[in-house]
Structures are given as C-alpha cells and as structure tokens.
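The values are calculated or read from the model by the stated rules, or taken from the named source; none is laboratory data. Nothing here was measured: the structure is a model prediction, and the numbers come from that model. With ideal geometry, Cβ positions are generated from the backbone for all residues, glycine too; neighbour counts draw on all protein chains shown.
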Amino acid sequence: MRAALPAFLAEAVFYPASIFEATRAWFRRISSRRTQGALLWISALAPYLIFSLAAGMFERNAFYLLAVLSGVLAFWYVYTPRRIAYDLGFLVIAAAPIVERVFLRIYQSPGDHVRVDILGHLMWIRVGVLALLVLREWDPGPLSFWPRASEWKLGLIYYAAVLVPIIFIATALHDVHFAPMHGPWWRVGAIGIGTFFGMLWVVALAEELFFRGVIERALYDYWRSPVLAVFGSAVLFGCAHLWFHEFPDWRRACVATVLGVACGFAYLQTGSVRAPMVTHAFVVATWRVLFK
C-alpha cells in the first residue's frame, strides 16, 4: 500500500483532469501535436513507474509492453489523418487491451488485497479521452462527471424502462439469479452507492463515450437513421461483452445489447453521454446489489 498510494494519488490527479473541460482547453492550446502526444505518453507511464519502482516489482518486459501500447494510443492522431478508417483503428486499439485483460499482466499486484491493474484502466481511459477529444477533435456532445438535472431525470426514466426487460432476459438465459446482498442495511447501501458512482465516473463514462458518443454518432452521421444508429451501436456494445467471462459469453452479450438500446435512445434524445451514463450506472448497481 505504501507503494500503491503515491501511484493512485498521481492517477487521481491525471484522470479527473482529462474529463474537466478547463484541462482539455489548456491541452488544446499547446501548439505542437507531437508535444501533446508526448505529454500523454509520459503521463501514461508515470503511475506504473511510481508503483513498480517503489514496490520493487519493476518488470522490463511489462514496461516495454505498456510503453508500446500507450505510445500507439497517445500518438495515433498525431500521425494519422482524420478519416473513418483510422477512427476504426483507434477504437480497435482502445478496446484490445481491455478485452485481452492486458493490464492484469502488466500491473503485477503483490497480493490479492490490492488491485493495481485499476491504474492501467484509469490511465487507458484518460489517454483515450484526450486523444479523441483533443487530438482528433471529435465532438461527442457534453462530457463531464456530473449530469444536469434533465439528464439525471431522463437517465432514470430509461433505467426504469429497461430494468424489467433486462431482468427477464438475464434470468431466462440463466445469466444471473436473484440473490439480494446480505448484511446490515448501511453496508448494502454503501456498496450500492459506491458501485453506482464507480460505474458512473469510470466504466459508464468510458463505455458511453466510445459506444454512444463515437460509434452511435458516427453511424447516425453516415446513415442518417436514428434507429440504425442506436441498434448498430447496441449490437457492437453487446459484442464487446462476449469476452466478459469465457469467450463467447453470448448470454452477457444479449443482456448488454438490451442495455445498449436504452442507453442509445437516451443519448439520441439528449446528445449527451451523461444521460446514458446514469442509465448504465443504475443498472449495474442494481445488478450488484440484487443479483449474482
């Protein structure tokens, strides 16, 4: 923990800064795109070096792998043109380490009580966000940690609308079973709240940005069909969950596709990823507390 704490504190500065509009505006004012890419690359390596060197767990091959992966992501839009083919390549590169669980191999933990690979996931999200929104100058709509009142309301409406269909499909496919969490009410409530905000500010933020703010928006711009854009992004969202457990996890993929449809319509209605973030986070928090 003495080695992990400074690394997590560093990431606690880098990660929120990537979501704040003021930070992105400052980053845009850097005139050289190579300098922007270099700053992203250095910041990606810093938390790993802080932890691994302090813990005496530095692995040369793991560092080389991290350097290559983060370097490709950080410099992708420095050296590639703004075309759909290169955008697809960026999305594949962004998804591959998550699907393959690469960060578990890079960020070696000294024990089961510390999930150091979380550093890798947070790093990967923020580098992808800045590369996409600043270097690529992609416009996914409003992005921040805290939704507006109207986005909270709409997110809750779609959560209420999709919850019963998700429960029905998930139980029918034997993907989950009803098993409410046991323990004192305050502990269950704390886990539910913690899960909700953890999802809202990390997983839901990243997935809704890329699947709704990028993929759905691109499909809509290409096809000019809201329905095709929503269902197309939802199917791809479901396919990404084929690796959730052992491939092919088609049960989880089907459930995720249904959630993707609800989140897709929430994004379509608001033009903001914050509304589907709310829907996504509430569904997962309900899942954690009431089902296994």
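Against the definition (β-branched (Val, Ile, Thr), touching a Phe, Trp or Tyr at 6+ places or on another chain (Cβ under 7 Å) and outside the structural domain of SER272 (by TED's automatic domain parsing)), how does VAL114 come out, yes or no?
no
Looking only at residues of the range 101-117 that are in contact (Cβ under 8 Å) with a residue 24 or more places away in the chain and surrounded by fewer than 20 Cβ atoms within 10 Å (Cβ to Cβ), we find that the one that is farthest from ALA54 (Cα to Cα) is VAL102.
The rows are residues; the columns are (1) in contact (Cβ under 8 Å) with a residue 60 or more places away in the chain; (2) under 18 Å from the mean Cα position of the chain (by Cα).
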| residue | (1), (2) |
| --- | --- |
| ARG33 | yes, no |
| LEU39 | no, no |
| ILE42 | no, no |
| TYR48 | yes, no |
| SER52 | no, no |
| ALA62 | no, no |
| TRP76 | no, no |
| ASP87 | yes, yes |
| PRO97 | no, yes |
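When the helices (runs of 4 or more DSSP H) confined to the range 179-281 are screened for residues that are farther than 20 Å from GLY155 by Cβ, those reaching at least 2 such residues are found at 185-198, 217-223, 226-240, 250-270. For the range 227-250, the criterion of being at pLDDT 95 or above and out of contact with any helix residue (DSSP H, G or I) (no Cβ under 8 Å at 6 or more places or on another chain) is met by at least one residue. What are the pairs, 6+ residues apart or on separate chains, where a residue within the range 125-148 that is buried (at least 22 other Cβ atoms within 10 Å of the Cβ) has its Cβ under 6 Å from a residue that is of a type in the set (Asp, Glu)? From residues that are buried (at least 22 other Cβ atoms within 10 Å of the Cβ), there are no pairs. With respect to PRO165, determine if the residue is surrounded by 14 or more Cβ atoms within 10 Å (Cβ to Cβ), in contact with a helix residue (DSSP H, G or I) (Cβ under 9 Å, 6 or more places away or on another chain) and not aromatic (Phe, Trp, Tyr). It is true that PRO165 is surrounded by 14 or more Cβ atoms within 10 Å (Cβ to Cβ), in contact with a helix residue (DSSP H, G or I) (Cβ under 9 Å, 6 or more places away or on another chain) and not aromatic (Phe, Trp, Tyr).
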